[in-house]
Amino acid sequence: MKQYSQSCDENREPILKIIRDVFCRADRVLEIGSGTGQHAVYFARQMPQLVWQPSDLADSHASINAWRLESGLDNVPPPLLLDVTDSSWPVQHYDVVYSANTAHIMGWHAVESMFAGIGRLLPAGAHFCLYGPFNYGGQFTSTSNMHFDAWLKDRDPQSGVRDFEAVDALATAAGMVLMADNEMPVNNRLLVWRNTGT
């Protein structure tokens with residue numbers, strides 16, 4: 001029931017250093033693709049002023065709930081059922097949307113739907129933070145990312161390391177502007193966009 005991801009433990013501190021500043025004026029965060037639930041619990045504990053709302057497909061809810069209940073935190077509600085390709089998203093107010101290691105696992109249509117949904121959800125001035133590996137200028141940034149992309153496509157041809165320029169274009173189309181492109185360990189990035197309200 002309770003799942004564990006080593007990468008969640010390895011990347012949580014570098015991510016926290018960035019998002020602590022981005023989230024400093026936020027009250028409610030929606031995490032898309034909470035996976036095991038580790039990030040939700042860790043970040044909610046480090047930023048107790050936030051309500052950290054996990055979400056994912058139904059298969060992940062048992063692990064998210066196991067981490068959540070074990071933590072005893074009162075600022076991590078039960079996970080929402082969220083399929084980004086569904087036109088009806090949970091109708092609630094969020095100041096920030098956060099997602100880690102999702103864009104390369106989803107099919108491209110789902111990535112498009114995710115950005116469009118976030119653009120509709122966030123109020124003007126709110127932020128979207130996306131963590132993961134990205135290509136630049138159509139080129140892999142490392143041999144390990146190239147091998148990772150091959151592994152992803154072998155398990156699902158619709159997945160793969162995304163081009164930064166392509167996801168930034170989706171953000172622009174959804175009314176968001178890039179605020180920061182942060183270099184992270186192990187050839188990952190943390191991209192931060194702000195919703196312009198247009």
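The values are calculated or read from the model by the stated rules, or taken from the named source; none is laboratory data. Since the model is a prediction, treat every value here as computed from it, not as a measurement. Using ideal geometry, Cβ is built from the backbone for each residue, glycine included, and neighbour counts are taken over all protein chains shown. Surface accessibility is based on the protein's heavy atoms, side chains included, excluding ligands, DNA and RNA. Shrake-Rupley method; radii C 1.70, N 1.55, O 1.52, S 1.80 Å.
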Legend entry - Residues of the stretch 107-130 satisfying the condition of being over 13 Å from TYR94 (Cα atoms) and either open to solvent by 10 Å² or more (accessible area, probe 1.4 Å) or at pLDDT below 95 (or both): GLY107, TRP108, HIS109, ALA110, GLU112, SER113, ALA116
Inset, instruction - Could you give me the residue pairs with C-beta distances under 7 Å whose first residue belongs to the stretch 65-79 and is modelled with pLDDT of 95 or more, whose second residue is of a type outside the set (Phe, Trp, Tyr) and surrounded by fewer than 16 Cβ atoms within 10 Å (Cβ to Cβ) wherever it lies, and which are 6+ apart or on separate chains? - result: ASN65/PRO78; ALA66/MET1; ALA66/LYS2; TRP67/LYS2; SER71/ARG45; LEU73/ARG45; ASN75/PRO48
Legend entry - Out of ASN135, ASN145, sole residue that is part of a strand (DSSP E or B) and either open to solvent by 80 Å² or more (accessible area, probe 1.4 Å) or not acidic (Asp, Glu) (or both): ASN135
Inset, instruction - May I ask you to list pairs of residues, at least six apart or on different chains, whose Cβ atoms are under 8 Å apart, with the first in the stretch 97-117 being over 24 Å from ARG25 (Cα atoms) and the second being assigned to a strand (DSSP E or B) and among the aliphatic types (A, V, I, L, M)? - result: THR102/LEU130; ALA103/LEU130
Inset, instruction - Working only within the stretch 1-42, note down all residues that are loosely packed, with under 15 Cβ neighbours inside 10 Å, closer than 25 Å to ALA62 by Cα and in contact with a helix residue (DSSP H, G or I) (Cβ under 8 Å, 6 or more places away or on another chain). - result: MET1, LYS2, TYR4, ASP9
Legend entry - Failed condition for SER113, given (1) in a loop (DSSP other than H, G, I, E, B); (2) under 26 Å from PHE43 (Cβ atoms); (3) within 18 Å of the chain's Cα centre (by Cα): (1)
Legend entry - Selection status of ARG162, under 21 Å from LEU121 (Cβ atoms), basic (Lys, Arg), touching a residue at least 40 places away in the same chain (Cβ under 8 Å) and touching a Phe, Trp or Tyr at 6+ places or on another chain (Cβ under 7 Å): yes
Inset, instruction - Determine the pairs where a residue that is among the acidic types (Asp, Glu) and surrounded by fewer than 20 Cβ atoms within 10 Å (Cβ to Cβ), located within the stretch 176-193, has a partner that is at pLDDT 95 or above and assigned to a strand (DSSP E or B) with Cβ atoms under 7 Å apart, the partner being 6 or more residues away or on another chain. - result: ASP181/ARG189; ASP181/LEU191; GLU183/ARG189
